[in-house]
1. Do any residues in region 48-75 that are at pLDDT 90 or above have Cβ atoms under 6 Å from those of residues that are open to solvent by 30 Å² or more (accessible area, probe 1.4 Å) and in a loop (DSSP other than H, G, I, E, B), where the two are at least six apart or on different chains, and which pairs are they?
2. Taking the stated definitions as given, is THR226 touching a Pro at 6+ places or on another chain (Cβ under 9 Å) and free of Cβ contacts under 8 Å to residues at least 60 places away in the same chain?
3. Only one of these is of a type outside the set (A, V, I, L, M) and not in a helix (DSSP H, G or I): ASN79, ASN99, ASN68. Name it.
4. Can you work out which of the residues in region 215-273 that are more than 33 Å from the chain's Cα centre (by Cα) and among the charged types (D, E, K, R) is surrounded by the fewest Cβ atoms within 10 Å (Cβ to Cβ)?
5. Please go through region 85-107 and give me each residue that is without any contact (Cβ under 8 Å) to a residue 24 or more places away in the chain and not hydroxyl-bearing (Ser, Thr, Tyr), ordered by number.
6. Please give the helices (runs of 4 or more DSSP H) falling wholly within region 127-199 in which 1 or more residues are among the aromatic types (Phe, Trp, Tyr) and closer than 21 Å to LEU233 by Cα.
7. Can you find a residue that is charged (D, E, K, R), modelled with pLDDT of 85 or more and under 19 Å from ASN148 (Cβ atoms) anywhere in region 201-213?
8. Using the structure shown, decide if GLY106 is open to solvent by less than 40 Å² (accessible area, probe 1.4 Å) and not β-branched (Val, Ile, Thr).
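The values are calculated or read from the model by the stated rules, or taken from the named source; none is laboratory data. Just so we're clear, the structure is a prediction, and the values are computed from it rather than from any experiment. Reconstructed Cβ throughout: ideal geometry from the backbone, glycine too, with neighbour counts over all protein chains shown. Heavy atoms of the whole protein, side chains included, go into the accessibility calculation; ligands, DNA and RNA do not. Shrake-Rupley method; radii C 1.70, N 1.55, O 1.52, S 1.80 Å.
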Amino acid sequence: MTEFWELYKNGQWEVPFLTFSIYLFLAGSLILYLIIVASRNGKIKKERLSKEYSVVIDKVLSAVIFENISFAEVKKDKNFLVLFDTPFFREVLMESLINLHKNYEGIYAQKLEQFYKDSGLIKSSFRKLKSLKWEVKCKGITELAEFNIKEAFDQIIAYSKARKKTLKIVALNAAIKLEGTESIKYLVDHLDPIDDWMQLNIIGAFKKHDVGDREGIEHLLESQNTTVIALGLKLIKELKLTQKLPYVVQLADNTSNTVIKYKAQSLLQTLTA
């Protein structure tokens, strides 16, 4: 300690300190450069592989859709099996499956759903639900909902109470897609506040999946959670559910919450105008 103090008093510390700082800066810069280069090379490699894999995947999925080829027949191709054991190949395959499923309906969509199950990709989606990362959970939920895996509903709806807002929204949207107004009963008992952004997403899900005319939306008006009641009123308004007006009248007459009363009365004026 005494030696350092003497160096400090004599001013002899400046040169070693500056030299050390320069070397440290150069070393840090070199490490950062190598990281950037490695990351860039990784992205370039993934893009190249993605293009190569897409050629194989497009051919396979085209055969599945239009030639009634099952996964059992597809896996007879040894080259495909080798690729299928690669995580990145399965990732690209999943993306292609989802994109195709969004654009097809009826028997073609059913063939893709069967391929999703037979290939074991469904197991990968279920594993994602157990991930510690919320973004991976969201991915798994989206995949299962896209392919109409109704047995995943109970696991998915459990995440509607998650702390992460994005995960909540994804789970609720998926639940609405899978079970329509069956998901209403879970919203009625929802304890956490549903903010405006979440409400917009839920309304969008009801519109997108065309479940607005079914029975059950009026039960949202019975919730003890005022934000859930507000959501119910917005759904009735946005979906123009005039058949639900008696429930709105009942709410306006019986609620002691002035904000809810005003919203209900305003809705009545809008829908009866």
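1. Hits for this filter: ALA63/ILE69.
2. Values: touching a Pro at 6+ places or on another chain (Cβ under 9 Å): yes; free of Cβ contacts under 8 Å to residues at least 60 places away in the same chain: yes.
Yes; evaluated as a whole, the condition is true for this residue.
3. On the way: ASN79 fails: not in a helix (DSSP H, G or I); ASN99 fails: not in a helix (DSSP H, G or I).
ASN68 is the lone residue from the list that is of a type outside the set (A, V, I, L, M) and not in a helix (DSSP H, G or I).
4. Ranking the qualifying residues of region 215-273, first place goes to ASP253.
5. Here is the first cut: in region 85-107, the residues without any contact (Cβ under 8 Å) to a residue 24 or more places away in the chain are 85-87, 91, 95, 99, 103, 105-107.
Within region 85-107, ASP85, PRO87, GLU91, GLU95, ASN99, ASN103, GLU105, GLY106, ILE107 meet the criteria.
6. Details: elements: 134-146, 153-158, 165-179, 184-188.
In region 127-199, 184-188 are the helices (runs of 4 or more DSSP H) which contain 1 or more residues that are among the aromatic types (Phe, Trp, Tyr) and closer than 21 Å to LEU233 by Cα.
7. Kept after step one, since they are charged (D, E, K, R), are these residues of region 201-213: 207-208, 210, 213.
Among the residues that remain, those that are also modelled with pLDDT of 85 or more are: none.
For region 201-213, residues charged (D, E, K, R), modelled with pLDDT of 85 or more and under 19 Å from ASN148 (Cβ atoms): absent.
8. Values: open to solvent by less than 40 Å² (accessible area, probe 1.4 Å): no; not β-branched (Val, Ile, Thr): yes.
When the stated conditions are applied, GLY106 does not pass them.
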